[in-house]
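Scroll down for the structure; my scribbles are underneath it.
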Amino acid sequence: MSNQRFNRRQFLLGAGTAAGLIFLNKTASHAQSAGKPETTKIRLGYLPIVESAPLIIAKEKGFFAKYGMTDVEVIKQANWASARDNVVIGSAAGGIDGGMWQLPMPHLITEGVITNGRKVPMYVLAMLITQGNGIAVSNTLRGQGLHLRMKNPNVIKEFSRARGRQFKVAYTFPGGNQELWIRYWLAANGIDPDKDVDMVTIPPAETVQGLKTGTVDAFSTGDPWPYRIVEEDAGFLAVLTAQMWRFHPEEYLAIRADWVDKHPNATIALLRGLFEAQQWCDQKANRQEMAKLLSGRNFYNVREDILIDPFLGQYVMGDGQRNVSDFTMGPLYWQCARGSVSYPYRSLELWFLVETMRWGLHRGFIKSVDQARALVNRVNREDLWRRAAQASGIKPPASQSRGVETLFDGVKFDPANPQAYLKQLKIKRV
Ligand code: CA
């Protein structure tokens, strides 16, 4: 792998012409200077949750095509396990080349951890979204203060005494973002996710039914699911991930390394199309059109009015909580108060691996902070993001680190010192 070093002089020239992060390049000359794409085709997988919006918009609004990627297929995956299996077989065998991923799936696939030992190296190229996820709790548990900061964690810890079974927590893929969010929430409230609750992987549709009948107690996933659960009167919103960690890292674009290595110009072209889509998605004025397009049968196949509320940062929390109405609390795709959303900060990617280490997930796959850092350095291709940004006249962040992060319980993650983060946490497996 030959990471092309970023040319500092060119960067300075590029930065001089960019008016901040938002800069839509409408000239064709830049596209040519970035090199002709080696292919016009790629197959990208997605799941029907708001994380995938920039990929679908880039295809549907012609942003990929604008940079020469005229034959991009954006393909719905039945679930995360299918997406994984499809990227392992690759597009030549009818699978996919990459797409949207929960972290640390690209790292787990790279190392063969969730693919029966078959290593398929992948590159993380951009972050697709921040926020836009939440945790819903069954209506059968109303009135017990199971909110961001729980009034009485014993409702969960001593659940089995009253109900004859443990409190059941569901998510859609083991060890991905959504499991990590619910683990963080529980542990911050003094609940040990490995001892006090039953953690299970369940498809979204079954989860809604389970919440209704009271066989599933909490569900962690991307919008519109948490909101849909409230709309269908199956549960209430206990937590928005935006409340747990403002502008947290959520899902990413990652592609097989062999595809990227073979098609460097096409990768840059894809990223440039993605940047335009992310900027388009971030315009509040476009959110209604976005909800209409994504709600369609070909895409999420949900009612448009279910999508528009989360897209406007409007959440009816339920269970006596104050509603949220703040555009910046909903899904953001390009920019946030912490800087770029799209740029794949190595510091944010590191958090997922440190959290995997914290819980000893995937049989203790990550054993040390050094191992986590080395794997991020191998999988993360922020250099390609920078090259694409330069070609589009976008000023990239100055550093590969976003700096110190503060979570809702006051715990700080300093990417320069993950050991200090692990030390602060009371409930952990390391
Ligand atoms: Ca997610």
Using beta carbons and a limit of 8 Å, which pairs, at least six apart or on different chains, have the first residue in the stretch 36-64 and not assigned by TED's automatic domain parsing to the domain that holds GLN102 and the second one among the small types (Gly, Ala, Ser) and away from the ligand (no atom under 14 Å from the Cβ)?
none
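Any residue in the stretch 186-198 that is modelled with pLDDT of 95 or more, touching an Asp or Glu at 6+ places or on another chain (Cβ under 7 Å), surrounded by fewer than 24 Cβ atoms within 10 Å (Cβ to Cβ) and aliphatic (A, V, I, L, M)? Walk me through how you get there before you give the answer.
Going through the stretch 186-198, the residues modelled with pLDDT of 95 or more turn out to be 186-198.
The next check asks that each one be touching an Asp or Glu at 6+ places or on another chain (Cβ under 7 Å); those that pass are 188.
The next check asks that each one be surrounded by fewer than 24 Cβ atoms within 10 Å (Cβ to Cβ); those that pass are 188.
In the following step, the residues that additionally are aliphatic (A, V, I, L, M) were identified as 188.
Looking for residues that are modelled with pLDDT of 95 or more, touching an Asp or Glu at 6+ places or on another chain (Cβ under 7 Å), surrounded by fewer than 24 Cβ atoms within 10 Å (Cβ to Cβ) and aliphatic (A, V, I, L, M), one finds at least one in the stretch 186-198, hence yes.
Being among the basic types (Lys, Arg), closer than 26 Å to ASN79 by Cα and open to solvent by less than 10 Å² (accessible area, probe 1.4 Å) is the filter here, so list the residues in the stretch 261-298 that pass it. If you could, list the steps in order and put the result at the bottom.
As a first pass, look at the stretch 261-298 and keep what is among the basic types (Lys, Arg): 262, 272, 284, 287, 292, 297.
Then keep just the ones that are closer than 26 Å to ASN79 by Cα; that gives 287, 292, 297.
Listed by number, the list holds a single entry, ARG287.
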Could you run through the stretch 365-418 and say how many residues are touching a Pro at 6+ places or on another chain (Cβ under 7 Å) and either assigned to a strand (DSSP E or B) or over 28 Å from TRP185 (Cα atoms) (or both)?
5
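Do we find that GLY222 is open to solvent by 10 Å² or more (accessible area, probe 1.4 Å), in contact with a helix residue (DSSP H, G or I) (Cβ under 6 Å, 6 or more places away or on another chain) and in the same structural domain as ARG161 (by TED's automatic domain parsing) in this structure?
no
Collect the residues in the stretch 109-131 that are over 22 Å from ALA388 (Cβ atoms) and crowded, with 24+ Cβ neighbours inside 10 Å, keeping them in residue-number order. Break it down into steps so the answer makes sense when it comes.
Taking the stretch 109-131 as the starting set, the residues that turn out to be over 22 Å from ALA388 (Cβ atoms) are 109, 111-120, 131.
Correct list: ILE109, GLN131.
Among the residues of the stretch 192-211, count how many are free of Cβ contacts under 8 Å to residues at least 40 places away in the same chain and away from the ligand (no atom under 16 Å from the Cβ).
Start the filter on the stretch 192-211 by keeping residues that are free of Cβ contacts under 8 Å to residues at least 40 places away in the same chain, which leaves 195, 198-202, 204-209.
Subsequent filtering for residues that are away from the ligand (no atom under 16 Å from the Cβ) retains 195, 198-200, 205-206, 208-209.
Total satisfying the criteria: 8.
Quick one: would you say GLY45 is under 20 Å from PRO121 (Cβ atoms), open to solvent by less than 20 Å² (accessible area, probe 1.4 Å) and more than 17 Å from the chain's Cα centre (by Cα)?
Values: under 20 Å from PRO121 (Cβ atoms): yes; open to solvent by less than 20 Å² (accessible area, probe 1.4 Å): yes; more than 17 Å from the chain's Cα centre (by Cα): no.
When the stated conditions are applied, GLY45 does not pass them.
Can you find, within the stretch 48-77, the residue that is least open to solvent (accessible area, probe 1.4 Å) among those that are part of a strand (DSSP E or B) and either within 16 Å of the ligand (Cβ to nearest atom) or among the hydrophobic types (A, V, I, L, M, F, W, C) (or both)?
VAL72
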Does ALA83 count as within 22 Å of the chain's Cα centre (by Cα), within 16 Å of the ligand (Cβ to nearest atom), not acidic (Asp, Glu) and not in a strand (DSSP E or B)?
yes
Among the residues that make up the stretch 145-168, is at least one of them open to solvent by 20 Å² or more (accessible area, probe 1.4 Å), in contact (Cβ under 8 Å) with a residue 40 or more places away in the chain and not in a loop (DSSP other than H, G, I, E, B)?
yes
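Answer yes if at least one residue in the stretch 233-242 is assigned to a loop (DSSP other than H, G, I, E, B), touching a residue at least 60 places away in the same chain (Cβ under 8 Å) and within 30 Å of GLU276 (Cβ to Cβ), and no otherwise. Don't jump to the end; show me each part of the working.
Keep residues of the stretch 233-242 that are assigned to a loop (DSSP other than H, G, I, E, B), which gives 233-234.
When the remaining residues are screened for being touching a residue at least 60 places away in the same chain (Cβ under 8 Å), the result is 233-234.
Imposing the further condition that a residue be within 30 Å of GLU276 (Cβ to Cβ) reduces the set to none.
No, there is no match, as no residue in the stretch 233-242 is assigned to a loop (DSSP other than H, G, I, E, B), touching a residue at least 60 places away in the same chain (Cβ under 8 Å) and within 30 Å of GLU276 (Cβ to Cβ).
Quick check, is ILE366 closer than 30 Å to ASP196 by Cβ, aliphatic (A, V, I, L, M) and touching a residue at least 12 places away in the same chain (Cβ under 8 Å)?
On the way: closer than 30 Å to ASP196 by Cβ: yes; aliphatic (A, V, I, L, M): yes; touching a residue at least 12 places away in the same chain (Cβ under 8 Å): yes.
Answer is yes for this residue.
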Mind listing whichever residues of the stretch 225-251 are under 24 Å from ARG303 (Cα atoms), within 15 Å of the ligand (Cβ to nearest atom) and open to solvent by 10 Å² or more (accessible area, probe 1.4 Å)?
TRP225, ARG228
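Those residues that are aliphatic (A, V, I, L, M) and in contact with a strand residue (DSSP E or B) (Cβ under 6 Å, 6 or more places away or on another chain), I need them from the stretch 243-270; list them, please. Explain how you work it out, then say what you get.
Just the residues of the stretch 243-270 that are aliphatic (A, V, I, L, M), to begin with: 244, 253-255, 257, 260, 266, 268-270.
If the condition is that a residue be aliphatic (A, V, I, L, M) and in contact with a strand residue (DSSP E or B) (Cβ under 6 Å, 6 or more places away or on another chain), then LEU253, ALA254, ILE255, ALA257, VAL260 are the ones that fit.
Does ALA374 satisfy the criteria of being assigned by TED's automatic domain parsing to the domain that holds MET105 and either free of Cβ contacts under 8 Å to residues at least 60 places away in the same chain or open to solvent by less than 10 Å² (accessible area, probe 1.4 Å) (or both)?
Taking the combined requirement at face value, the residue does not satisfy it.
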Residue that is nearest to LEU240 (Cα to Cα) [pool: residues in the stretch 405-430 that are open to solvent by less than 70 Å² (accessible area, probe 1.4 Å) and aliphatic (A, V, I, L, M)]:
LEU407
When you look at PRO224, is it closer than 27 Å to LYS212 by Cα and within 19 Å of the chain's Cα centre (by Cα), yes or no?
yes
Search result, residues across the stretch 299-345 that are surrounded by 17 or more Cβ atoms within 10 Å (Cβ to Cβ), in a loop (DSSP other than H, G, I, E, B) and without any contact (Cβ under 8 Å) to a residue 24 or more places away in the chain
GLY313
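The values are calculated or read from the model by the stated rules, or taken from the named source; none is laboratory data. All of these numbers come straight from a predicted model, not from anything done at the bench. Glycine gets a Cβ as well: all are built from the backbone with ideal geometry, and neighbour counts include every protein chain shown. Heads up: the accessible areas ignore ligands, DNA and RNA and are worked out on the full protein's heavy atoms, side chains in. Shrake-Rupley method; radii C 1.70, N 1.55, O 1.52, S 1.80 Å.
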